[in-house]
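Chemist: Once you've had a glance at the structure underneath, I'll fire off some questions.
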Amino acid sequence: MSDSSISIVPKLSVYPEREIKAKAILEWLVSLDIVSPFLTDCVLSSSHGYAIAEGAKNISEEPELLPYSLMNNGLEIITERRIFHTGQNGIDSLVCPVCSQDISNKDWEFLSEWDDNRSNNLTCPLCNVPTEIHQFKFTPEWGFSDLGFAFWNWGSLKDSFIEDFRKILGCDISLVYTRI
């Protein structure tokens, strides 16, 4: 069996006071009994996460499929610059907002501009115009930020929960579905 995650990622390369916001969101999720307040080895990462709790049933589209028995079943909170990609789900297209061309089959070296923290832009390899990374259209969706929340093996989350999350973050978000 493979592992998967749903990541909620602000559409901001640099989230203001990200550590404070990460703590506030964790406190909100703990108050709803969605995750445990204690760090454990429950995520597929070198860091620790917060294990799933009983209240997760209230935010899941399919509560009977929640991963209570799995080792990787928690929330990973990321507070460093990261490309949140789809893993084995790959990418179908990557469209430049300036020239409207699909650049997914080009050399992906252009992503290093963002990944190396030199800029919050990507420079299209076809039209050579640098544009803020969140203006590009990734299909399926990818995320780019220094803040993110990965729910490991949880399945579908309710739209109302995602909307609440968006409101608390105070900005638009990317939902990134990863399979590894």
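Chemist: Only one of (1) of a type outside the set (Val, Ile, Thr); (2) farther than 21 Å from VAL35 by Cα; (3) within 16 Å of the chain's Cα centre (by Cα) fails for PHE149. Which number is that?
Modeler: PHE149 satisfies all of (1) of a type outside the set (Val, Ile, Thr); (2) farther than 21 Å from VAL35 by Cα; (3) within 16 Å of the chain's Cα centre (by Cα) except (2).
Chemist: Could you tell me whether segment 72-92 includes any residue that is of a type outside the set (A, V, I, L, M, F, W, C) and assigned to a helix (DSSP H, G or I)?
Modeler: No, there is no match, as no residue in segment 72-92 is of a type outside the set (A, V, I, L, M, F, W, C) and assigned to a helix (DSSP H, G or I).
Chemist: Looking for something assigned to a loop (DSSP other than H, G, I, E, B), among the hydroxyl-bearing types (Ser, Thr, Tyr) and crowded, with 20+ Cβ neighbours inside 10 Å - is there at least one such residue anywhere in segment 44-66? Even if it seems obvious, please write down each step before you answer.
Modeler: Applying the first criterion (assigned to a loop (DSSP other than H, G, I, E, B)) to segment 44-66 yields 44-48, 53, 59, 61-62, 66.
Narrowing the set further to residues that are among the hydroxyl-bearing types (Ser, Thr, Tyr) leaves 45-47.
Keeping just the survivors that are crowded, with 20+ Cβ neighbours inside 10 Å gives none.
No, segment 44-66 contains no residue that is assigned to a loop (DSSP other than H, G, I, E, B), among the hydroxyl-bearing types (Ser, Thr, Tyr) and crowded, with 20+ Cβ neighbours inside 10 Å.
Chemist: Output the qualifying pairs, or none if there are none: Cβ atoms under 7 angstrom, residues six or more apart or on different chains, first residue in segment 52-70 and touching a residue at least 60 places away in the same chain (Cβ under 8 Å), second residue among the basic types (Lys, Arg) and surrounded by 15 or more Cβ atoms within 10 Å (Cβ to Cβ).
Modeler: Listed pairs, sorted by first residue: LEU66/LYS57.
Chemist: Cβ-Cβ under 6 Å, sequence separation 6+ or interchain: first residue in segment 75-86 and closer than 17 Å to ILE133 by Cβ, partner assigned to a strand (DSSP E or B) and among the polar types (S, T, N, Q). Which pairs?
Modeler: Between residues of segment 75-86 that are closer than 17 Å to ILE133 by Cβ and residues that are assigned to a strand (DSSP E or B) and among the polar types (S, T, N, Q), the close pairs are PHE84/SER7; THR86/THR178.
Chemist: Can I ask one more? Go through segment 138-180 and tell me which strands (runs of 3 or more DSSP E), entirely inside it, have 2 or more residues that are of a type in the set (A, V, I, L, M).
Modeler: Qualifying strands (runs of 3 or more DSSP E): 173-179.
Chemist: Are any of the residues in segment 82-90 farther than 30 Å from ILE52 by Cα, among the small types (Gly, Ala, Ser), surrounded by 14 or more Cβ atoms within 10 Å (Cβ to Cβ) and not assigned by TED's automatic domain parsing to the domain that holds LYS23?
Modeler: no
Chemist: Out of the residues in segment 1-29 that are hydrophobic (A, V, I, L, M, F, W, C) and in a loop (DSSP other than H, G, I, E, B), which is farthest from GLU163 (Cα to Cα)?
Modeler: Ranking the qualifying residues of segment 1-29, first place goes to MET1.
Chemist: Output the number of the condition that SER69 fails; it satisfies all remaining conditions of (1) in a helix (DSSP H, G or I); (2) exposed (fewer than 13 other Cβ atoms within 10 Å of the Cβ); (3) in the same structural domain as ASN153 (by TED's automatic domain parsing).
Modeler: (1)
Chemist: Just checking, does segment 29-47 include any residue being without any contact (Cβ under 8 Å) to a residue 40 or more places away in the chain and touching a Cys at 6+ places or on another chain (Cβ under 8 Å)?
Modeler: No: zero hits.
Chemist: Let me ask another. When segment 1-28 is examined, which residues are found to be farther than 19 Å from GLY143 by Cβ and in contact (Cβ under 8 Å) with a residue 40 or more places away in the chain?
Modeler: Those that are farther than 19 Å from GLY143 by Cβ and in contact (Cβ under 8 Å) with a residue 40 or more places away in the chain: SER2, ALA24, TRP28.
The values are calculated or read from the model by the stated rules, or taken from the named source; none is laboratory data. As the structure is a prediction and not an experimental result, all values here were calculated from the model. Note: ideal-geometry Cβ built from the backbone for every residue, glycine included; neighbour counts use all protein chains shown.
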